[in-house]
Amino acid sequence: MTLHKTSRLRRDWQILALVAALLALVEFCVSSQFHRSVIILSMIHSVAAVGLTLLVGYAGQVSLGHGAFVGIGAYTVAFCLQRLGLPVVFALAAAVVLPGILGFLIARPILRLSGHNLALGTLALGAVFYVVAAQVRDVTGGLDPGIVDLPSMAFAGLAHERVVFWLSIFALCLAAAIAASIVDGRFGRGLMILRSSELVAECIGMNTARAKSMIFAVSASLAGLSGGLLALYLRSFNASAFGVGLSIELLMMVIVGSLSTIWGAMFGSFAIIVLPNLLEGFDQAKQVVYGVAMILIMLFAPNGLGETLFRVFTFRRKSA
Amino acid sequence: MFLQVVVSGIVVGCVYGMAALGFTIVYNATKIINFANGEFMMLGGVLLAGLVAAAKVPIPVGILAAIAGCALVGWVLQRGVLDGARNSDPLTLVMLTIGSALALRGAAALAFGRDVSFVPEFGVLPLVLLGNVYIPSQGLWIIMVLVVVSAALWYVFSRTMLGKAMRAASQEPRAAALCGIEPRRTAALAMIMAGSIGGLAGAMLAPMSAAFYENGIFLGLKGFAAAVAGGLGNPLGAVVGGLLIGLVESLTSGFVASGFKDAVSFMLLILVLILRPQGLVGKAVVRRV
Amino acid sequence: MTLQATLEIAGVSKSFGGVHAVADVSFFMARGEVTALIGPNGAGKTTLINLLTGVLPADRGTIRLEGRDLAGTPAYMRARAGIARTYQTPQMAQGMSVLMNVMAGAYRFGKHGLLGSLLRPWLVMADNEELAERAGTCLARVGVSEEWWGRPAADLPYGHQRRVEIARALAQDPKLLLLDEPAAGLNRSEADELASLLVSIAADGRAVLLVEHDMGMVMSISSHIVVLNFGRKLAEGAPETIKADKDVIAAYLGIVEEVA
């Protein structure tokens, strides 16, 4: 028995502790305002990407509409803080719960679709959210002005950015811990069976319709948490932040990282957020580079760039 | 008022119908959902705007150049990107076409700038006034072009060897290959046709709504909505679906709120996918096959 | 026999657009016995398996597992009630090791749900140990040695995939095991091993339904044989009875000789 790892959970926790320690170290060391903001944005997007990995990578259900849940999370936080005057903790909790519930309700009909119809349906769903968010100005402020002047997070002598940094570390670790527990448990194994064949999953006793709804809800919750943090960090934003582009970027983070481990999502988010900010003049050609990179990755490393690099690396080491 | 709204719905619907046609042709030839289809239309508009407004090229030449440019892009997309992944799973193919869409969008922004640009109306045709309903000159152009494109496609697919070969390749790829029909060739042809139709449609639309490098996403989704509403893979259904989506949008913006018109057609797309995947129209065709 | 019937099928029918895939089929299955379901290709055997597992709803008729009517019970509930199956082509999940595939089979014995794994992750580890233990036992029983357990299941040789699939079904600890052509693609010695494995599985006190074209295996290990032809039950009885049945011989003429 000892030859075979029955649970990767322990190892995942070790990785998680390492990541957390590393991020904390970074928090203390980084002085540049710019670097700090890039890392915060990476962490925030990672939260959503980890959730999306569960849905796309493990359960095999593609979503091109998760930007909508990020948006719902962001507007929920804004609404709770500005209109209801709730404390930040409750606002964030609402940003997790509300998208989760909405996701659960939407999942049943939308996940009756599969393959490219599911991609189309979720893409349309994300587009609907964007249009509605831009129009329902009472709640969202539309495209102009959008949400403005959320309160600063400065707390106990720590500046706004530093507090958000710590919040993001915490949220990312929470997301990863949740994802690791799901993936390594029987539910995760069921999902992987489901990805290969819904028939087999049913016949081992998994309620596949419910399982798909649940994992969709979990990924929507994490997207919501990500959106909530984004709102807290940016303090001002509008509907254009949650368009189809965000949904595609999130999916890219998953694919750039890896479809088969949650750690890939972190790699992917950092790659997608950090790289454009490091290359000078990249912004002009950003979309072209994204597009071409995506094509190359799908052609030559369809399991994810991170995973392919990892495999190549470990293979070299083993054969050396 | 109502009739006026219907007329403008039909005009926009004709454009969506053309978007859906290109999409359908590619789907029939390769079973690929081309998420870059809307970018052909965007490119058509932006190319025309760039050539006419900036380079002072005459409009007819500009239109031809836009069509040719988009056809070329379609060919490159098929040969350079999609051919390499013919046996991939749907997710890979979806991501490949999305990646291509992003690249095209970015390339358009780099080449023609990120500003909204305008194209003058084509003119020549008069503005028609029927009672108190008027049909704009550009609207007449669009309706005519859709009729011509549909007729041409009908002719190609039912009367020429080329069209028959493409249909054969889509229905029975293996048997068709045995008859000497190369699936790679028909796939490239389909994408060239989709590119040309998309470029033409985009060029026709440019004078009515401005050309902009980000137009492709929504135009593409409208094309999907039209194609799906008409029953995926059915060219006649695609045109009917396009008109339907155009009408629904026009009625929404005329009588509900113009801001929600996009949301309504996307919701329609989702509902049709879930409730009637065979399409709203085109049932008879599905049965016959 | 009726008293100890594990599975009781009465008047079950299913048609697809006018074609009667399964028409008015009735039979019993007893625990501790291998029942064979045979018939020419297209006779409705796989459709019947799909009806039993609840993947397809039956048009008419009743299916009872240990006296309990399964009408309206979805596939996953039937699996939890103790029906397990294998497939004509092995269905190994991509990206999962052999052991994990079989652990997935023990889904219904996992103690933690989604919420449980979130709130008390240490339960997951204890649970995994237990499920791995169960999976290991099943793998050992079907003769897949430990060196294979860590490998990706989808990369295994065909014969091994068939065994892993039976192990995955066994991990469900089924009362009723449905095997869809488990000997297809196996060589003689593998088929013989499979035969004795099936006998021992039945000896656990399970009811085993064997859909198989290998007449040698069918005749040697089944206590009871049901013959389907064009969706209808053609004959039923002990192997000797079936071998002598004129209708069966007519339906099978050529096929029996070819195989046996």
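Give just the number: which of (1) in a loop (DSSP other than H, G, I, E, B); (2) surrounded by fewer than 21 Cβ atoms within 10 Å (Cβ to Cβ); (3) at pLDDT 90 or above does C:Thr89 not satisfy? Against the list (1) in a loop (DSSP other than H, G, I, E, B); (2) surrounded by fewer than 21 Cβ atoms within 10 Å (Cβ to Cβ); (3) at pLDDT 90 or above, C:Thr89 comes up short only on (3). If the condition is being part of a helix (DSSP H, G or I) and either surrounded by fewer than 24 Cβ atoms within 10 Å (Cβ to Cβ) or touching a Pro at 6+ places or on another chain (Cβ under 6 Å) (or both), then the range A:224-239 contributes A:Gly224, A:Tyr233, A:Leu234.
One residue stands out among those in the range C:87-113 that are hydrophobic (A, V, I, L, M, F, W, C) and more than 7 Å from every other protein chain (Cβ to nearest Cβ): the one that is farthest from C:Trp149 (Cα to Cα), which is C:Phe109. For the range B:110-120, the condition holds for no residue, the condition being that it is of a type in the set (Ser, Thr, Tyr) and at the interface with another protein chain (Cβ under 8 Å from one of its Cβ atoms). With respect to being among the small types (Gly, Ala, Ser), touching a helix residue (DSSP H, G or I) at 6+ places or on another chain (Cβ under 8 Å), at positive phi and in contact (Cβ under 8 Å) with a residue 40 or more places away in the chain, C:Gly32 fits the description.
Considering A:Gly85, A:Gly65, which residue is crowded, with 17+ Cβ neighbours inside 10 Å and part of a loop (DSSP other than H, G, I, E, B)?
Criteria check complete, one pass: A:Gly65.
Exactly one residue out of A:Leu123, A:Leu105, A:Leu92 is free of Cβ contacts under 8 Å to residues at least 24 places away in the same chain and not in a loop (DSSP other than H, G, I, E, B), and it is A:Leu105. Scanning the range C:70-86 for residues that are open to solvent by 10 Å² or more (accessible area, probe 1.4 Å), more than 7 Å from chain A (Cβ to nearest Cβ) and more than 19 Å from A:Arg210 (Cβ to Cβ) returns a single hit, C:Ala71. Identification of helices (runs of 4 or more DSSP H) wholly contained in the range A:154-208 with 1 or more residues that are of a type in the set (Gly, Ala, Ser), more than 16 Å from A:Val218 (Cα to Cα) and open to solvent by less than 10 Å² (accessible area, probe 1.4 Å) yields A:160-184, A:198-203. Report whether or not B:Ala165 is in contact with a Pro (Cβ under 8 Å, 6 or more places away or on another chain) and either open to solvent by 100 Å² or more (accessible area, probe 1.4 Å) or among the small types (Gly, Ala, Ser) (or both). No, not satisfied. The numbered conditions (1) open to solvent by less than 40 Å² (accessible area, probe 1.4 Å); (2) touching a helix residue (DSSP H, G or I) at 6+ places or on another chain (Cβ under 9 Å); (3) under 26 Å from C:Asp214 (Cβ atoms) are all true for C:Ala23 except (2). Scanning the range B:53-67 for residues that are surrounded by 20 or more Cβ atoms within 10 Å (Cβ to Cβ) and under 20 Å from B:Val116 (Cβ atoms) gives B:Gly62, B:Ile63, B:Ala66.
Identification of strands (runs of 3 or more DSSP E) wholly contained in the range C:155-260 with 1 or more residues that are open to solvent by 60 Å² or more (accessible area, probe 1.4 Å) yields C:232-237. Taking the criterion of being in a helix (DSSP H, G or I) and under 28 Å from A:His116 (Cα atoms), would at least one residue in the range B:126-148 satisfy it? Taking every residue of the range B:126-148 in turn, at least one turns out to be in a helix (DSSP H, G or I) and under 28 Å from A:His116 (Cα atoms).
Please work out if B:Val61 is of a type in the set (Val, Ile, Thr), in a loop (DSSP other than H, G, I, E, B), free of Cβ contacts under 8 Å to residues at least 12 places away in the same chain and over 30 Å from B:Asp83 (Cα atoms).
When the stated conditions are applied, B:Val61 does not pass them.
When each of A:Ile273, A:Ile297 is tested for being touching a His at 6+ places or on another chain (Cβ under 8 Å), at pLDDT below 90 and either open to solvent by less than 30 Å² (accessible area, probe 1.4 Å) or not in a loop (DSSP other than H, G, I, E, B) (or both), the lone residue that passes is A:Ile273. The criterion of at least 1 residues that are more than 12 Å from chain A (Cβ to nearest Cβ) and more than 25 Å from A:Tyr130 (Cα to Cα) is met by the following helices (runs of 4 or more DSSP H) wholly inside the range B:187-289: B:235-255, B:283-288. Among the residues making up the range C:92-104, those that are assigned to a loop (DSSP other than H, G, I, E, B) and open to solvent by less than 40 Å² (accessible area, probe 1.4 Å) are C:Met92, C:Ala93, C:Met96. How about the range C:114-152: which of its residues are more than 7 Å from chain A (Cβ to nearest Cβ) and not in a helix (DSSP H, G or I)? If the condition is that a residue be more than 7 Å from chain A (Cβ to nearest Cβ) and not in a helix (DSSP H, G or I), then C:Arg120, C:Gly143, C:Val144, C:Ser145, C:Arg151, C:Pro152 are the ones that fit.
Looking only at residues in the range B:68-100 that are facing chain A (nearest Cβ under 7 Å) and within 18 Å of the chain's Cα centre (by Cα), the one that is farthest from B:Ala210 (Cα to Cα) is B:Val94.
Pairing each residue of the range A:291-302 that is farther than 8 Å from B:Gly99 by Cβ with any residue that is open to solvent by 10 Å² or more (accessible area, probe 1.4 Å) and hydroxyl-bearing (Ser, Thr, Tyr), provided the two are 6+ apart or on different chains, yields C-beta distances under 6 Å for A:Ala301/A:Thr308. The number of residues in the range B:53-79 that are within 19 Å of B:Ala101 (Cβ to Cβ) and basic (Lys, Arg) comes to 1.
Is it true that C:Leu56 is within 14 Å of chain A (Cβ to nearest Cβ) and hydrophobic (A, V, I, L, M, F, W, C)?
yes
The values are calculated or read from the model by the stated rules, or taken from the named source; none is laboratory data. Just so you know, these numbers come straight off a predicted model, no measurement behind them. Note that each Cβ is placed from the backbone with ideal geometry, even for glycine, and that neighbours are counted across all protein chains shown. Accessible surface areas use protein heavy atoms only, side chains included; no ligands, DNA or RNA. Shrake-Rupley method; radii C 1.70, N 1.55, O 1.52, S 1.80 Å.
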